[in-house]
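A short worksheet on the structure shown next.
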Amino acid sequence: MQTQSNVLTEDSQIKYQFKMVEWTELMPEEDLDAILNPPSYITDVEDGSIEDQIESQLQNKKKRFKDDRYQRALTSTKVIPEMNNKPIRIAGYVVPLAFNEAQRVTHFFLVPYYGACIHVPPPPPNQIIYVEAKQGFKLVDLYDAFWVSGWLQTSLIENDTATAAYRMQMQSIQLYSE
């Protein structure tokens, strides 16, 4: 369900309409379909079996990658072009990347679930948003989910932690509540 909400901007106190979006709206249909319908080699693996071991998965991944739409979707940088320069509001978790002198988070990845980018592997790049927060904010707990509002851009950002297919100039951030 999509709704509209008024959110105060971080710096100018001007109200904008930010459209609430779901993470799946940032993925092209073919990527979403591939992830929602994984191949049998994913769903048929028994917990604790040799195929369930990370080393085995990495070796097999190299062999399958080129012809496997599921594996391609897990690393996809394909975006929804219509999302470029859109004011959105989205719920997610913060992976801090940079802090200011006051120890406020100024740059972070916004991800759809807790632990993304901290544990391997990260979500697909089209499920990661690189966020710039001019004035920063105090992050108390990594377990907290947030509503983040700002202007979304389709822009590829790569660093040692992950690759993001979207970027946002944050206008506001609030603890998540439904």
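Summarising the strand pairing of the range 87-178, around 85 percent of its internal DSSP beta bridges are antiparallel. Extension gain, Gln17 to Tyr113: 0.36 nm times the residue separation minus the Cα-Cα distance gives 32.0 nm.
Only the coordinates and a few stated rules stand behind these numbers; no lab work does. What you see is a predicted model; the values in this text were computed from it and never measured.
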